Amino acid sequence: MAVHLRDFFLKGITLGEDEKLVLETVQDLCRKEMGPRAAEVDKEERFPWENIEKINEIGLNGLFIPEAYGGNPVSKTAWLAVLKELSKACPSTAIIFATTSHCCYPIVKFGTHEQKEKFLPMFLEGALGAISMTESHAGSDVRAMKSTAVKTPDGYLINGTKTFVTTGDAADIFSIFLKVKEDEDTLGLSPFIITKDMAGFSVGKKEEKMGVRASSTAGIVLEECQVPDDHLIGAPGEGFKILLDYLNDSRPNIAAQAVGVAEAAFEASVSYANERVQFGKRIIEHQGIQFMIAEMATQIQAAWQSVLHVARLMDQGYEDFSAEASMAKLMASEVAEKVASDAIQIHGGYGYCRDYPVERIFRDSKITQIYEGTSQIQKIVIGRHFTEKK
Ligand SMILES: Cc1cc2nc3c(=O)[nH]c(=O)nc-3n(C[C@H](O)[C@H](O)[C@H](O)COP(=O)(O)OP(=O)(O)OC[C@H]3O[C@@H](n4cnc5c(N)ncnc54)[C@H](O)[C@@H]3O)c2cc1C
């Protein structure tokens with residue numbers, strides 16, 4: 001195809017030499033392995049182990065582990081560019097990979113040296129991670145969770161059922177938020193590190209989903225699960241701040257995922273519109289379609305710039321970027337769903353069928369408006385930022 005799209009949305013991005021190499025390696029992997037496999041793993045609803053093996057072969061988990069613990073971290077800008085590329089190729093693989101980083105985040109940011117020494121090498125060796133807040137009655141309203149960690153002389157006794165855990169049935173390590181109780185008092189939420197081999201841990205219901213079908217989403221049951229004190233991250237019951245900090249960090253990741261999904265829909269549309277002929281000319285030469293392409297490109301560019309803006313703030317060490325993180329997530333996920341829907345329109349009837357990738361991409365786009373806080377919740381976060389406390 002004469003139109004060169006591959007790096008269109010990466011123009012002007014500033015990366016170090018090592019970061020460029022990482023990005024190029026990921027792009028190569030996406031082009032040769034993950035992209036071509038995306039339709040198959042979606043259709044078979046099969047966990048993409050081959051892709052996870054490739055991720056581990058090139059040591060990508062090192063990107064979110066501090067150097068002192070054996071990792072090779074990159075800037076947030078480079079990290080988000082990597083996530084965007086993975087999402088463009090295979091959103092299921094991208095969310096599995098991002099979720100491992102999400103599991104790691106509370107350990108890296110709030111864990112003790114001993115916790116980091118114990119758990120971070122496991123990720124470098126390829127362990128899969130999961131993070132869990134949600135329960136059946138506690139979604140957006142996380143504080144309504146009921147699962148408890150009760151202080152005992154030996155540590156904490158955990159009971160509860162978690163829902164919608166990405167990689168829940170395949171992860172080795174979990175960061176799980178629970179209500180901490182001590183002497184009958186409820187202290188508040190805290191994250192605990194749980195490993196799948198602990199007595200009392202089991203996998204619950206596996207969801208059958210609309211999109212990101214190659215990633216697994218499962219319930220987690222914790223029954224009389226005794227964990228030692230050193231599996232608690234931070235001070236007992238003071239983890240709500242950790243949760244908010246975590247969400248500020250993870251929302252740009254989902255925003256980057258959404259941009260990647262939108263780009264995939266866009267590239268497929270440009271390619272199709274340049275080939276498909278109706279009324280004696282390529283459909284891209286019909287102004288109605290050309291305008292749709294123009295709007296898609298403009299929306300994706302705006303969403304990506306919003307993601308890069310929050311990345312810049314984070315790389316520059318700003319402490320307060322919660323509004324910008326939510327703006328990026330809100331905008332990018334809304335754009336992803338709109339662009340993916342327009343991509344089907346551009347493909348006409350073929351877009352509605354599985355022979356073309358846009359049918360899957362549209363299904364994959366929807367989740368970005370839901371997890372890591374719905375679009376409505378992002379608006380609440382942004383709106384609150386501008387509301388004076390009286
Ligand atoms: C595929 C998938 C993967 C997931 N992975 C994980 C995971 O790894 N870990 C994890 O902990 N969770 C995960 N989740 C859960 C996800 O984060 C929640 O589904 C999401 O936060 C919304 O919660 P809910 O589904 O209970 O919806 P609800 O909170 O019940 O919301 C229902 C509707 O009401 C709206 N709403 C709720 N409160 C308000 C309000 N105050 N104002 C206006 N509107 C409101 C919502 O925006 C939504 O439209 C996953 C979910 C899915 C589907």
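The values are calculated or read from the model by the stated rules, or taken from the named source; none is laboratory data. Since we're looking at a predicted model, the values are computed, not measured. In this analysis, Cβ positions are derived from the backbone assuming ideal geometry, glycine residues included, and neighbour counts consider all displayed protein chains.
List of remarks:
- Under the condition of being more than 21 Å from the chain's Cα centre (by Cα) and within 16 Å of the ligand (Cβ to nearest atom), the residues counted in the range 178-200 number 5.
- Residue in the range 296-317 that is in a loop (DSSP other than H, G, I, E, B), away from the ligand (no atom under 16 Å from the Cβ), at pLDDT below 95 and surrounded by fewer than 14 Cβ atoms within 10 Å (Cβ to Cβ) present: no
- Exclusive hit being surrounded by fewer than 22 Cβ atoms within 10 Å (Cβ to Cβ) and in a strand (DSSP E or B), set Ser190, Ser202: Ser202
- Qualifying residue in the range 124-144 (condition: more than 15 Å from the ligand (Cβ to nearest atom) and at pLDDT below 95): no
- For the range 335-382, filtering for residues that are in contact (Cβ under 8 Å) with a residue 12 or more places away in the chain and within 13 Å of the ligand (Cβ to nearest atom) leaves 18.
- Identity of the residue in the range 210-227, more than 10 Å from the ligand (Cβ to nearest atom) and β-branched (Val, Ile, Thr), that ends up nearest to Ile131 (Cα to Cα): Val221
- Verdict on Pro236 being touching a residue at least 60 places away in the same chain (Cβ under 8 Å), under 24 Å from Arg143 (Cβ atoms) and part of a loop (DSSP other than H, G, I, E, B): yes
- Residues that are buried (at least 23 other Cβ atoms within 10 Å of the Cβ), within 8 Å of the ligand (Cβ to nearest atom), assigned to a strand (DSSP E or B) and under 18 Å from the mean Cα position of the chain (by Cα), drawn from the range 151-176: Val165, Thr166
- A residue that is surrounded by 15 or more Cβ atoms within 10 Å (Cβ to Cβ), at pLDDT 95 or above and part of a strand (DSSP E or B) occurs nowhere in the range 240-259.
- Remark: pairs (first residue in the range 49-72, surrounded by 14 or more Cβ atoms within 10 Å (Cβ to Cβ); second residue part of a loop (DSSP other than H, G, I, E, B) and acidic (Asp, Glu); Cβ separation under 9 Å; 6+ apart in sequence or on different chains) = Asn56/Glu125; Asn61/Glu125.
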